[in-house]
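Single-structure report; data block below.
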Amino acid sequence: MSEKNIGIIGLGYVGLPLAVEFGKKYPTIGFDINQARITELQQKHDRTLEVSSEQLAEATHLTYTASLDVLKQANFYIVTVPTPIDKNNRPDLTPLIKASETVGKVLKKGDIVVYESTVYPGCTEDDCVPVLEKFSGLSFNRDFFCGYSPERINPGDKVHTVTKIRKITAGSTPEIAETVNNVYASIITAGTYKAPSIKVAEAAKVIENCQRDINIAFVNELALIFDKMNIDTLDVLEAAGTKWNFLPFRPGLVGGHCIGVDPYYLTHKAEEIGYHSQVILSGRKINDNMGAFVANKVVKLMIKKGINVNHAKALMLGITFKENCPDIRNSRAIDIITELKDFGVQVDIFDPMADNHEVEEEYQVSLVSKPANDYDAVIMAVAHKQFEQLTLKDLCKETHVIYDVKSILDKTIIDGRL
C-alpha cells in the first residue's frame, strides 16, 4: 500500500478530514481551487472547525495545493466536491463535472479515481467517466479505473468522525474494488463494507438520507396535525418513545447539504426512467414548508397578544443548518426570516457560529454582532451552545413571543414550539 500517492480534490467538510487521515500514513496532496483555503490550511487553520490545528499538524505527509502540476504526482484520486441542487430542485453536477475535468487533465495510465460525492445511481460511470476519458485521452477500465466510497461526514460531530464511521467502498472491476477497499480499510478503524458495484454503493448512500428525510417529514406532519389539536408534539413523542422500537425522530427544519438535497437526486433519476416518486417527494414537500409554518405560527401568537406585526422586531437565534457548526449551506432558517419579512417584521439574526460575509453572499441578509433588548418575538432556530448563556426574556419587550423550533427551552418561558 505504500506506493499509493493520494490526491484529494476538494478540501471542504468531507475532503479535509479525509485528507488529514490519509496524510498521517501516505503521501497525500490536498487540492482545492480556492487559494485562500489552501493558504489558511498551510497555516494550520480550518474555518469549518472540523479539524483542529493539532490534528492538521499530525498529518505530516499532507501538502496543500491549487496547482495541477503538484496534483499530477498522485495516482489514487478522491473527489469530494459538493453536489447541490438548482433553484428548481434539480441536480447540479457542475462542481462534479469540473472536478472530473481537473482530474482528467492529470490522469495517467494505471491511476484510480474514487468519487465520494453523493449522486444518483449511475452518475459515476455515466456522467463522470466520459469526462475523465475526454480530458485524459485514456480508456476506462483499460488505462484507468474508478471507485466509489460515499462520504458519511456529519458536520460538527466530534464523536462520529471519519475513521469511526463504517465506510462503503466499490470499484469498477473486482480487482479495483479490492484495492479501493484496502486503501480505505487502512485508515477507517470502524471497518469497511465492499458493495458489489458502484451503482449499488451510489444507491445505498442516497437512500440513507432519503430515509432520514422521510422519517423527519412524518414527525413534522404530526407537528402540523397536533398544532391544530392544541396538543404538544414533544409530549406525544416522549410518551410514544416509551415503546422499545419507537424511532426517536423530532420535528424541525431539514436543511444542510445532505438530507434536504439528496432525495432530489434519487427522484430525478427515477423520473428519467419513468417513475414518479410519491412518498419521497411528499416528504420533501412537508419538510420544505416547515419554515413558513413556524413564521406563520409566530405571527399568530403575536396577534393573540395584541402585538402589531407590521414593523414588529424579531430576533432569529441561528442561521446555520445545524447546531454548533458554521455550515450555512441550504439552511432552512432563512425560510422563517423571509416569511416574517413578508409580514412586515424587522428581523435581526444573531449567530456567533456563522460568517457574516458568507451569510450576506448566500442569503443577502446580515448578522448582528449582539442582540438588542427590545424584541417583540424571539425564535430559537438553532441550538448553539452559546445560546445557553442568553436570558431570552431580557432581550424582549414586556409583551413578547418566544418560539422554540428546537424544543430545548423551558416550557414555562415559551409561547410555542414545534
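The values are calculated or read from the model by the stated rules, or taken from the named source; none is laboratory data. Being a predicted model, the structure only gives us computed values, none of them experimental. Note that each Cβ is placed from the backbone with ideal geometry, even for glycine, and that neighbours are counted across all protein chains shown. Accessible surface is based on the protein model in full, side chains and every heavy atom, while ligands, DNA and RNA are left aside. Shrake-Rupley method; radii C 1.70, N 1.55, O 1.52, S 1.80 Å.
Points worth noting:
- Filter pass, Glu50 being touching a residue at least 24 places away in the same chain (Cβ under 8 Å), crowded, with 20+ Cβ neighbours inside 10 Å, among the acidic types (Asp, Glu) and in a helix (DSSP H, G or I): no
- Hits in region 293-315 - residues which are in contact with a strand residue (DSSP E or B) (Cβ under 8 Å, 6 or more places away or on another chain), open to solvent by less than 10 Å² (accessible area, probe 1.4 Å) and not in a strand (DSSP E or B): Val294, Val298, Met302, Ala312
- Just one residue in the set Lys322, Lys341, Lys300 is of a type outside the set (Phe, Trp, Tyr), under 30 Å from Glu50 (Cα atoms) and out of contact with any Leu (no Cβ under 8 Å at 6 or more places or on another chain); that residue is Lys322.
- Within region 234-266, restricting attention to residues that are buried (at least 22 other Cβ atoms within 10 Å of the Cβ) and among the hydroxyl-bearing types (Ser, Thr, Tyr), the residue that is farthest from Asp335 (Cα to Cα) is Tyr265.
- Considering region 316-372, the residues that are touching a strand residue (DSSP E or B) at 6+ places or on another chain (Cβ under 8 Å) and among the charged types (D, E, K, R) include one that is nearest to Val159 (Cα to Cα), namely Asp351.
- Scanning region 395-407 for residues that are over 22 Å from the mean Cα position of the chain (by Cα) and within 22 Å of Met353 (Cα to Cα) gives Leu395, Ile402, Tyr403, Asp404.
- Reported count of residues in region 58-97, each being closer than 22 Å to Asp327 by Cβ, of a type in the set (Ser, Thr, Tyr) and either open to solvent by 30 Å² or more (accessible area, probe 1.4 Å) or in a helix (DSSP H, G or I) (or both), is 1.
- Between Phe145, Phe135, the distinction of being open to solvent by 20 Å² or more (accessible area, probe 1.4 Å) and part of a helix (DSSP H, G or I) belongs to Phe135 only.
For (1) in a helix (DSSP H, G or I); (2) under 30 Å from Lys411 (Cβ atoms), each residue gets a yes or a no:
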| site | (1), (2) |
| --- | --- |
| Ala190 | no, no |
| Ile216 | yes, yes |
| Asp235 | yes, yes |
| Thr242 | no, yes |
| Tyr264 | yes, no |
| Lys269 | yes, no |
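- Tally, over region 98-125, of residues that are among the polar types (S, T, N, Q) and open to solvent by 20 Å² or more (accessible area, probe 1.4 Å): 1
- Residues of region 218-233 that are among the polar types (S, T, N, Q) and either closer than 21 Å to Ile408 by Cβ or open to solvent by less than 30 Å² (accessible area, probe 1.4 Å) (or both): Asn220, Thr233.
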